[in-house]
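Working notes, beginning with the structure itself.
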Amino acid sequence: MKRLEYTVSFATPAFLGNAEQASQWRTPPFKALLRQWWRVAETAGRRPELRTLHAREGGLFGRAADEGTTASQVRLRMDWRGGTVPKDRWKSLSPVIHPEVTHKAGADQYLAYGPVVGSKLKRETFIPAGERCALTLGVPESEETRFKDIAKLAHVFGSVGSRCRNGWGSLHYEKGGLSAAEIEALLEPANRAGRDWLRALCREWRQALDTDWCHALGKDDNGLLLWRTDTIKKWEDLLKFLAEVKIAFRTQFCFKGGDKHAVLCDRQVLAYPITNHELREWEFVKDEKTAKPRKDSSRSANQVFFKVLPSNGGYVGLVAHLPHGLPAPLKDRLSKDDQATLDDREKKVWREVHAVLDKNLTRLP
């Protein structure tokens, strides 16, 4: 067993809840983070071969299945001596303008919808920015290099907790990830060599639509589908800017019709569900036990990741597209007309998202 030691901190507040809705550092979200980026590293820019991938993952991280239970070969221990902050000390972020609503709302209400309701935190506590924790990882010696690669990926893209893909719970590796020089090389647009290690984990984004989960960083003819913001002094202001970017690339796709849509809309390709804009084919599904209709919980998760990184006395925002197609539970229930046009629609939608990101951010090719 190889022992790997890390010190991590949060660049932005994190919503890591327990059963009492109180925030605390917990191992399950970090184990999920390891598995998430292990899959990306293991896939290595190829189309995933799911049977082989699942067998490897189960053998390494453990499984509980009909064919037998396998214990995890990965051990994770946390040493956290910090604290949490009560919800009444939550400070709402500066308001952003959304063209589809008549009032301004804080950027946190947009990027943290769920944990934040109105201008208040819904859960009892949160973990503030700056809190740090020591992580000790035990892995098989044969997997040491792979887990060091995972730490690099988690340093650049990793975040944990509710709404983590919107930049909340952004992890910063103070020990055991990339060095400060490696981070600065990665963030320099002209230094393509500083991102060479990422290129081995990329797929051409149109090809990546053949899989329905985030398995690779995307690339196009101009390079990686990775963008950065300018350096901004406060993380609060950076998240506000990222909220404005997200509003821009989402609201370019206007809804047609009311809150129950008969045909697929472009914005439903980005992520689903969308408040007040359900697709009729996706509203109900037949219950396997009762054979009666029930409200469907199938979803298509956000595949544009936001990450906040400390840099040069301030913060830099990273935006990454890990492209995938519409998940099968949703795709299979589209009308024949929508299924016939889905491939062209997905490619059109994501081209237009990339164009907005190119306009508002700096590409890291």
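The values are calculated or read from the model by the stated rules, or taken from the named source; none is laboratory data. This one's a predicted model, so the numbers in the text were calculated from it and none came from an experiment. Counting neighbours? That spans all protein chains shown, and the Cβs are built from the backbone with ideal geometry, glycine included.
Worth a mention:
- Of all residues making up the range 106-123, the number that are free of Cβ contacts under 8 Å to residues at least 12 places away in the same chain and either at negative phi or assigned to a strand (DSSP E or B) (or both): 1
- Answer from Ser297, Ser311 - the residue that is among the hydroxyl-bearing types (Ser, Thr, Tyr) and within 23 Å of Asp212 (Cβ to Cβ): Ser297
- Screening the range 7-40 for residues that are over 16 Å from the mean Cα position of the chain (by Cα) and buried (at least 19 other Cβ atoms within 10 Å of the Cβ) and picking the one that is modelled with the highest pLDDT gives Val8.
- Test: residue in the range 245-256 that is β-branched (Val, Ile, Thr), surrounded by 14 or more Cβ atoms within 10 Å (Cβ to Cβ), under 20 Å from Leu330 (Cα atoms) and in the same structural domain as Lys348 (by TED's automatic domain parsing): no
- For the range 276-330, filtering for residues that are in contact (Cβ under 8 Å) with a residue 12 or more places away in the chain, in a loop (DSSP other than H, G, I, E, B) and either of a type in the set (Val, Ile, Thr) or over 15 Å from Leu238 (Cβ atoms) (or both) leaves 14.
- Selection status of Trp197, part of a helix (DSSP H, G or I) and of a type in the set (Phe, Trp, Tyr): yes
- Among the residues of the range 340-364, the ones that are under 10 Å from Trp227 (Cα atoms), part of a helix (DSSP H, G or I) and among the polar types (S, T, N, Q) come to 1 in all.
- The requirement of being part of a strand (DSSP E or B) and modelled with pLDDT under 95 is fulfilled somewhere in the range 249-263, by at least one residue.
- Residue pairs meeting the criteria (Cβ under 6 Å; at least 6 apart or on separate chains; first on the phi > 0 side of the Ramachandran plot and touching a residue at least 60 places away in the same chain (Cβ under 8 Å), in the range 161-184; second among the hydroxyl-bearing types (Ser, Thr, Tyr) and surrounded by fewer than 22 Cβ atoms within 10 Å (Cβ to Cβ)): Gly176/Tyr6
- Residue that is nearest to Asp79 (Cα to Cα), among those in the range 136-151 that are of a type in the set (A, V, I, L, M, F, W, C) and more than 21 Å from the chain's Cα centre (by Cα): Leu137
- On inspection, Leu201 passes the criterion of being under 26 Å from Ser300 (Cβ atoms), in contact with a helix residue (DSSP H, G or I) (Cβ under 7 Å, 6 or more places away or on another chain) and at pLDDT 95 or above.
- Long-range neighbours under 6 Å by Cβ, at least six apart or interchain, first residue closer than 15 Å to His324 by Cα within the range 25-54, second surrounded by 15 or more Cβ atoms within 10 Å (Cβ to Cβ) and among the charged types (D, E, K, R): Gly45/Arg203
- Residue count for the range 233-277 under the criterion of being among the acidic types (Asp, Glu) and either in contact with a helix residue (DSSP H, G or I) (Cβ under 6 Å, 6 or more places away or on another chain) or more than 27 Å from Val319 (Cα to Cα) (or both): the result is 2.
- Residue match in the range 100-112 (condition: modelled with pLDDT under 90, under 30 Å from Trp205 (Cα atoms) and either outside the structural domain of Lys307 (by TED's automatic domain parsing) or more than 22 Å from the chain's Cα centre (by Cα) (or both)): yes
- Number of residues in the range 200-213 that are under 13 Å from Leu153 (Cα atoms) and either without any contact (Cβ under 8 Å) to a residue 12 or more places away in the chain or assigned to a loop (DSSP other than H, G, I, E, B) (or both) equals 2.
- Test: residue in the range 283-300 that is of a type in the set (A, V, I, L, M, F, W, C) and either in contact with a Cys (Cβ under 9 Å, 6 or more places away or on another chain) or surrounded by 18 or more Cβ atoms within 10 Å (Cβ to Cβ) (or both): no
- Residues in the range 124-135 that are in a strand (DSSP E or B) and more than 29 Å from Gly62 (Cβ to Cβ) were compared, and the one that is farthest from the chain's Cα centre (by Cα) is Thr125.
- Enumeration of residues in the range 56-98 that are part of a loop (DSSP other than H, G, I, E, B), more than 24 Å from the chain's Cα centre (by Cα) and at pLDDT 90 or above: Ala71, Ser72, Gln73
- Single residue of the range 214-246 satisfying the filter (of a type in the set (Gly, Ala, Ser) and not in a loop (DSSP other than H, G, I, E, B)) that is farthest from Thr12 (Cα to Cα): Gly223
- Boolean, Glu281 is among the acidic types (Asp, Glu) and within 30 Å of His172 (Cβ to Cβ): no
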